[in-house]
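Take a look at the structure set out below.
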Amino acid sequence: MKSITVFCGSSFGSHDIYKEQAFLLGQTLAQQGIQLIYGGADVGLMGTIADGALTEGGKVIGILPQFLQSKEIAHKNLTELIIVETMHERKTKMNELCDGVIVLPGGYGTLEEFFEMVTWAQLGLHKKPIGILNISGFYDDLIKLVQTMVDKGFLKQINKDMLLISNTIEELLEKMKNYQAPTVGKWISKEEI
């Protein structure tokens with residue numbers, strides 16, 4: 001993988017470990033020669049992951065909508081900052097530039113970005129690995145909900161299995177490097193499973 005998009009919070013959250021792991025992920029990506037693509041801000045976990053990559057000489061591209069430039073405070077030290085008009089353009093550009101996606105703790109925006117990328121994968125619009133760095137069990141309840149979607153017949157197991165989940169950076173990156181996208185998409189019959 002040459003570049004990874006990271007979706008994460010514009011806040012730090014209530015536990016220091018979120019910030020520590022975001023910084024470490026940025027450092028690790030840079031050390032492995034993987035370019036970081038992220039939301040372009042200098043606040044919360046977003047700024048922290050960028051700082052982590054930059055301390056190790058990594059390349060960091062930020063994608064920031066014009067209307068958020070004053071609210072999220074654009075990071076001043078990035079390799080490149082791309083200003084777009086809308087949130088949808090932001091996600092589209094982040095998808096175009098990356099070879100995979102990692103989700104860190106965050107709020108509504110992080111989940112919205114994550115689920116759009118997963119939906120695009122489910123529909124066969126891309127075959128990129130999508131990883132959840134489940135720091136201190138942050139996403140445990142979401143993972144349970146996804147299993148409930150399978151159990152209740154709203155999601156196929158093959159689509160649930162597209163999610164790569166780990167509590168550690170190293171294991172998650174290894175899973176992403178070895179990822180093979182499903183050869184079938186959302187619209188398969190039960191008989192074909």
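Could you work out the mean projected area of the convex hull around the alpha carbons of the stretch 79-193, in square nanometres to one decimal? List each step's numbers first, then the result.
Numbers: hull surface 33.1 nm².
Value for the stretch 79-193: 8.3 nm².
His15 accessible area, nearest 10 Å², 1.4 Å probe?
100 Å²
Please express the Cα-Cα pair-distance distribution P(r) of the stretch 96-145 as a list of whole percents, one per 10 Å bin, running from 0 to the bin with the greatest distance.
All Cα pairs, binned at 10 Å, distribute as 24, 56, 20, 0 percent.
For the stretch 1-151, what is the charge dipole size about the Cα centre, in debye to the nearest 20, if Lys and Arg each add +1 at the Cβ and Asp and Glu each add -1 at the Cβ?
Values: 11 positive and 17 negative charges, 59 e Å.
I would put it at about 280 debye.
Give the aspartates and glutamates whose C-alpha is closer than 14 Å to that of Lys156, dropping any in the same chain fewer than 8 places away, or say none.
The reachable aspartates and glutamates, counting only those whose Cα sits under 14 Å from Lys156, are Glu191, Glu192.
What's the carbon and sulfur percent of the stretch 1-90's accessible surface, probe 1.4 angstrom, rounded to a whole number? Walk me through the numbers before you get to the answer.
Values: 2020 of 4110 Å².
Of the solvent-accessible surface of the stretch 1-90, carbon and sulfur hold 49 percent.
Could you pull the Cα extents of the chain along its three principal axes, largest to smallest, in whole Å?
54, 34, 29
For the stretch 1-107, list log₁₀ I(q)/I(0) at each q in 0.11, 0.18, 0.19, 0.21 Å⁻¹, using the Debye formula over Cα point scatterers of equal strength and ignoring solvent, two decimals each.
-0.27, -0.76, -0.85, -1.05
Using a 1.4 Å probe over the heavy atoms of the protein chains, calculate the carbon and sulfur portion of the accessible area of the stretch 105-187 as a whole percent.
57 percent
Gly26: net charge of surrounding residues, Cβ under 15 Å, Lys/Arg +1, Asp/Glu -1, itself excluded? The partial results should precede the final answer.
Working: positive: Lys19, Lys59; negative: Glu20, Asp42, Asp51, Glu56, Glu170.
Local net charge: -3.
Extending each Cα 7 Å along its Cβ direction at Leu24 and Lys93, get the distance between those two points in nm, one decimal.
Placing both labels 7 Å beyond Cα along the Cβ direction yields 3.1 nm.
Under the rule of at least 5 residues apart or a separate chain, name every residue whose amide H is placed under 5 Å from the amide H of Ser166.
Long-range HN contacts for Ser166: Ile132, Asn134.
Over the stretch 14-154, with the other protein chains present, what is the accessible area per residue in square angstrom, probe 1.4 angstrom? Please report the intermediate quantities before stating the final value.
On the way: 6540 Å² over 141 residues.
Result: 46 Å² per residue.
The values are calculated or read from the model by the stated rules, or taken from the named source; none is laboratory data. Keep in mind the model is a prediction, meaning the values are calculated, not measured. A quick note on method: Cβ atoms are made from the backbone with ideal geometry, for glycine too, and the neighbour counts reach across all protein chains shown. The accessibility values were calculated without ligands, DNA or RNA, using every heavy atom of the protein model including side chains. Shrake-Rupley method; radii C 1.70, N 1.55, O 1.52, S 1.80 Å.
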